[in-house]
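A short write-up of the structure that comes next.
No value in this document is a laboratory result; all are computed from the given coordinates. Keep in mind that this is a model prediction, so the values were computed, not measured. Here Cβ is always computed from backbone atoms with ideal geometry, including for glycine, and neighbour counts include all displayed protein chains.
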Amino acid sequence: MKLSEIKEILPTMAQVRFQMEGGGTVPEHFHVTEIGKVTKDFIDCGGTVRREELINFQLWYANDGDHRLLPEKLLKIIAKSEKTLDLKDGEVEIEYQSDTIGRYSVEFSDGRFVLKSKNTTCLAKEECGVTEKTTSRSISEMPVLQTACCGAGVGCC
């Protein structure tokens, strides 16, 4: 979801609510502890140089159960972030810690922002020989190696 979409939705809400994709909710007394511009420069496994730019919202909560972030307040935080960080409209990623820190894409459904799981992928499938057949297999379908792949004299490590 883009920042512009979030800004359009917020004025229609009485309270800002986040829900996990599986149904659990982010406690209503959460804080948006930061909004940031994240730029990641990297080289994929095929040697292509890439750049990823995201807008990151970090959610956090403590034992201040009476705290509630109103939509108007979040819009003010966004406006200040846009001005100070020179944010352009872009994809928003939510950083939230349930067991460990997770990074989520965000969608809007049933009056709540829904944190959607993100997955890794090979960005150079052609160069790596990854096909639909190799990516659609589950772990249980993969052959079990009968010998150690990294033993002495094997040469792979």
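Along region 111-126 the Karplus relation, 6.51 cos²θ - 1.76 cosθ + 1.60 evaluated at θ = phi - 60°, assigns HN-Hα couplings of x, 9, 7, 9, 7, 9, 4, 10, 10, 7, 7, 7, 8, 10, 3, 4 Hz to successive residues, with x for each Gly and Pro. Within region 3-110, the proportion of C-alpha pairs whose separation exceeds 20 Å stands at 44%.
Loop-resident GluC sites (Glu not before Pro) (DSSP state other than H, G, I, E or B) in region 1-30 with no more than 10 further Cβ atoms inside 10 Å of their Cβ are absent. Computed on region 3-110, with alpha-carbon pairs under 8 angstrom and 6+ residues apart, the relative contact order is 28 percent.
Distances between placed amide hydrogens fall under 5 Å for His67 paired with no residue 5 or more residues away or on another chain. Between the amide H of Met20 and those of Thr25, Val26, Leu115, distances stay under 5 Å, these residues lying 5 or more places away or on another chain, with hydrogens modeled in the peptide plane.
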